Amino acid sequence: MAVLHIVNPRDVAAAGGLALGPGEQLDRVAWMIRLRWWAIAAIGLLVSVAGIAGVTDQAGRLLALAAGLLLANLAFARAADTMTCATPCAAIEDLLALQMSVDMGVLIGALHLAGGADNPFILLSLVQLALAAIVLPLRRAVWMAGAASALYVSMIAAEAAGVLPHHALNLGTANGVAGGNRVLWQSPTYLSGLGLAHLGSGMTVLLLAAALVRRIRLAERLQREQQAIAAERERLARIG
């Protein structure tokens, strides 16, 4: 005689965790690749307009950076095509982490070539950290947030110290050292505050996105468990 053992779906979800299966991870890989195509097109358009308008004199290098990201995305797409639902979850997770790392590196490189601390597009790093919280386990996403803040502040500090050149944007404002006085972004106090602000904002966005994604995944898991229980009840009812 068949026995139906009904358990609390919340207990099942808690016991099984919220780890993604290979199929769900591959969906996220494909999603990130599609987003990157749009980002590459947007970068190319924005840099071209900025170069024509004379806002930056580094348009050629910025376009080369975008071309490098395009080649990287082709490699990511090729790697994703070789993966199936039989691919170990760790390998798919590593590919996602590599994608996010390349994206962050390209963004920092683009910021260096386009004004450094003067460039308002640093806020895009917060979008990247939110994406990391969606596609990566929280542990790896937090490490990425810390590394992104450290890399960004190191780049600004290197420009302030003269180790890296500062590629100023032509926005009608004074840049660099004027009259022997340091501008705001060259101040050690400003750099310290900038690092704390970037890290704090990044962690906040990351944790909020991770919490939201976790609640959605939990709701989906509970719904699947309830549907499985309902299907089993219906099957047993037909058996009698």
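The values are calculated or read from the model by the stated rules, or taken from the named source; none is laboratory data. Keep in mind that this is a model prediction, so the values were computed, not measured. No Cβ is skipped: glycine too gets one built from the backbone with ideal geometry, and neighbour counts run over all protein chains shown. The area values use the complete protein model at the heavy-atom level, side chains included, leaving out ligands, DNA and RNA. Shrake-Rupley method; radii C 1.70, N 1.55, O 1.52, S 1.80 Å.
General remarks:
- Calculated from backbone phi, Karplus (6.51, -1.76, 1.60) coupling profile of the stretch 219-226 in Hz, x at Gly/Pro: 4, 5, 5, 5, 5, 5, 5, 5
- Remark: the stretch 102-166 carries 39 Å² of accessible area per residue (probe radius 1.4 Å; ligands, DNA and RNA excluded).
- On the basis of the beta-carbon distance and an R0 of 35 Å, Ile216 and Leu74 show a calculated FRET efficiency of 0.70.
- Here Ile52 and Arg235 are evaluated by their C-beta separation; at R0 = 41 Å the FRET efficiency comes out at 0.05.
- For the pair Val127 and Ala228 in one chain, pulling the backbone fully straight at 0.36 nm per residue adds 32.7 nm over the alpha carbon distance.
- Between Asn170 and Ala30, the FRET efficiency estimated from the beta carbon spacing at R0 = 30 angstrom works out to 0.15.
- Rounded to whole Hz, the Karplus (6.51, -1.76, 1.60) HN-Hα couplings of the stretch 59-68, x for glycine and proline: 4, x, 5, 5, 5, 5, 5, 5, 5, x
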